[in-house]
Amino acid sequence: MTAKQVLDPETPLSAFRIEDDRVAAASNMAPVINGFDEQAVEAALRIKEAVDGTHVTVLSYGTDFALDVIKKPLAMGADDLVLLQDPAFENVIDPMLTVAALVAAIRKLGDVDLVLAGRQASDWDNAQVPAGIAEALGWPIATIAKHVEVDGTTVRVQRVLPDGHELVEAALPAVVTVSNELGAPRYPNMRGIMGARRIQPAVWSAADLGIEPTEVAPAFELVSLAAPERRVETEMITGDDDADAGRKLALRLREEHLV
Amino acid sequence: MPDPTSILVIGELVDGAPAPATLEAIAAARALGGGPVGVMLAGESVGNAAQTAIASGADAVYAIESALLADAAPDAVVAAAAAAVAAAGPRIVLGAKTLLGRDVMPRLAFRLGTALASDCTALALDGDGRLLATRPTYGGNADATVRCLGTPAVASLRPGTVDALEADATRTGEVVAVDAAIDEATVRTRSIERVEQAASGLRLEDARVIVSGGRGLGGPEPFEQLAELATLLGGAVGASRAACDAGWVPTSYQVGLTGKTVTPELYIAVGISGASQHMAGCANAKAIVAINKDAGANIFKDARFGVIGDWAKVLPAFTEQLHELLSGSTRQPG
Ligand SMILES: Cc1cc2nc3c(=O)[nH]c(=O)nc-3n(C[C@H](O)[C@H](O)[C@H](O)COP(=O)(O)OP(=O)(O)OC[C@H]3O[C@@H](n4cnc5c(N)ncnc54)[C@H](O)[C@@H]3O)c2cc1C
């Protein structure tokens, strides 16, 4: 399964800075694992519990990692962690190199039946690396899962729809993206945390993966990154007390023909 | 005829007609200027939808018909779209970030050897005629503009960002039948069952008024008060992800980046902090009203009207006053 280290998406707006076409958070903000990726870990661990002999390997792509952060899936119960780490593996908006590296890593692992990933990353919100992996490997894909079940040769996925759900099925190997409706990811327990300490992640560079980063043509180049404009003038309604403010709000909305 | 100056819209059919988001994408393609605009329409039968697309600004329709496209399985639609791209030879491929588009567009982009500029809120061409796509990132905290380097460039438009063109029945265009060679083996992720809650009452996407609740409500019961207010205003009830994750309301209520995108006249947010990921789903509302006890809540930045206070006191008085105003107005003639 894949996991990405990102800035905490719950970072208060005031702590976000945009500098030199990069988004940074105030220095005291620690990175976290992308929330949907933690849900993908949870999905993987549920499969591991249901199907004997399941081995969960976590792949993460980046230039540098906060080890205590990126090891969390191990503490939760994953078996292995492979860091795809190279100075060229920068967190840029273009997903082409990310896809190439993850695909190469999946091939290098060899015996992979199922790739689980979060439905999107909370930084670039691209929601397309899993699609790229599926296309490159020629595997079927099911997106936005809230339940994932594997039986030998097939994966059955309950997908979240805006007004319901859909049950889909595909032959393994396959790619599945996971959404928060799967349920909260488990907290690592003491045994998990101790176990994770003993596991040394494998580190694979671009060369280990057999990719020449400069030969992977990007799909985009970033032209600018800017804080969105806010166009709204806010009118605060006050009253003698909360109830009075509520009544005045009703009158104002009526005046403006909004109700 | 393949035309390297053309723009191809990956269309979508809803009940036999082009989806609103498809008509918006056609308008966006026209607004970019340059070459002719083609539209792919794929379904069991395309029928009159082709004429609607032409009336709404398309110069050509690439029609792909197959019984296997009846329920729009993403695998089949990606194959259809790739065949339409091969037939049209466009420099830009444009889709919409609808439920189907979310699945189809990234895969189509990678199949064409590039990636997708997804969920765009603005499109333009640079001096060399290359696509400049602006899209919200970091959950809406930063707008990124990228230059698309792929041939073709592939982008998807956020629904509701562009107005569709007025239909003009006198416009003409050609309809090209394309064979996408779709067969049973094309569809590899098979739909076994699709369960959609019969939308009891108004769909959020169609509501003129939405009353939305967040974590600040503290539990499921207060949503009944929101429902009462929504009924009074002829609207629907929405929620933040925090309220959905807590199980207070079904996930179908969720408004936001990973929930529904809504564009009501009036959006009343109660006990919602206004995280950028929530605002991504409602920022295009005509007017936002916020009731929140925290004067520093982000929601006030996007709100036209705000009340700083405890919803449990503000809301009943607000609802009662509205009740009076509205029952009064029904007595007035006209
Ligand atoms: C990738 C990603 C995608 C996401 N997608 C979505 C999405 O689609 N939709 C979405 O909503 N969120 C989404 N989120 C989550 C989002 O970041 C926020 O966590 C969420 O919107 C917070 O919900 P909330 O405003 O209800 O809760 P909180 O942020 O906890 O806010 C509760 C508010 O209630 C107020 N309050 C408390 N008590 C009272 C009272 N008595 N009276 C009045 N006000 C009170 C508080 O002041 C506070 O402002 C996403 C997050 C990520 C990372």
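Just so you know, all these numbers are worked out from the coordinates, no wet-lab data involved. Keep in mind the model is a prediction, meaning the values are calculated, not measured. Using ideal geometry, Cβ is built from the backbone for each residue, glycine included, and neighbour counts are taken over all protein chains shown.
Computed values, structure above
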{"item": "Ranked by how many other beta carbons lie within 10 Å on average, peptides B:102-108, A:197-203, A:170-176 from highest", "result": "B:102-108, A:170-176, A:197-203"}
{"item": "Nearest 10 degrees, 0 to 90: helix A:242-255 Cα axis against chain A principal axis", "result": "80"}
{"item": "Mean Cβ count within 10 Å, highest first, over the residues of peptides B:3-13, A:206-216", "result": "B:3-13, A:206-216"}
{"item": "Under-5 Å amide H pairs with A:Ala121, H placed in peptide plane, nonlocal only", "result": "A:Asn126, A:Ala127"}
{"item": "Among A:Thr143, A:Thr234, A:Thr177, residue whose mean-square fluctuation peaks in a GNM of chain A (springs only between Cα atoms under 10 Å)", "result": "A:Thr234"}
{"item": "GNM top mover of B:Asp126, B:Asp71, B:Asp179 - chain B, alpha-carbon springs below 10 Å", "result": "B:Asp126"}
{"item": "Proximal aspartates and glutamates relative to B:Lys293, as straight alpha-carbon distance under 17 Å, when same-chain residues fewer than 8 apart are discounted", "result": "A:Glu235, A:Asp240, A:Asp241, A:Asp242, A:Asp244, B:Asp302, B:Asp310"}
{"item": "Using alpha-carbon coordinates, inclination of helix B:74-88 to the longest axis of chain B, degrees", "result": "50"}
{"item": "Cβ neighbours within 10 Å from other chains - mean over B:117-124", "result": "2"}
{"item": "Stokes-Einstein D for the protein assembly as shown, Kirkwood Rh over Cα pairs, 37 °C, 0.692 mPa s (µm²/s)", "result": "130"}
{"item": "GNM result for chain B, Cα springs below 10 Å: residue of B:Arg190, B:Arg130, B:Arg241 fluctuating most strongly", "result": "B:Arg190"}
{"item": "Cross-link partners of A:Lys72 among aspartates and glutamates (Cα-Cα below 14 Å; sequence separation of 8 or more within a chain)", "result": "A:Asp37, A:Glu38, A:Glu42, A:Asp80"}
{"item": "Over the range B:7-186, relative contact order from alpha-carbon pairs under 8 Å, at least 6 apart, %", "result": "28"}
{"item": "Amide H contacts under 5 Å for A:Trp204, placed H, 5+ residues apart", "result": "A:Leu83, A:Leu84, A:Gln85"}
{"item": "Chain lengthening between A:Asp151 and A:Asp80 when straightened (0.36 nm per residue, less Cα-Cα)", "result": "23.3 nm"}
{"item": "Calculated diffusion of chain B, Stokes-Einstein form, Kirkwood radius summed over Cα pairs, 4 °C and 1.567 mPa s, µm²/s", "result": "60"}
{"item": "The range B:140-232: GluC sites (Glu not before Pro) in DSSP loop, at most 15 other beta carbons within 10 Å", "result": "B:Glu166"}
{"item": "Under the Karplus curve 6.51 cos²θ - 1.76 cosθ + 1.60, θ = phi - 60°, whole-Hz ³J(HN,Hα) for the range B:11-18, x wherever Gly or Pro sits", "result": "x, 9, 9, 10, 6, x, 10, x"}
{"item": "Peptide A:135-145, shielding by other chains (average Cβ, 10 Å cutoff)", "result": "4"}
{"item": "Peptide-level mean, for B:273-281, of C-beta atoms on other protein chains within 10 Å", "result": "2"}
{"item": "In sequence order, calculated HN-Hα J values of the range A:100-105 (Karplus, 6.51, -1.76, 1.60; Hz; x Gly/Pro)", "result": "4, 5, 5, 5, 4, 5"}
{"item": "Relative contact order of the range B:155-306, pairs being alpha-carbon contacts under 8 Å that are 6 or more residues apart, as %", "result": "19"}
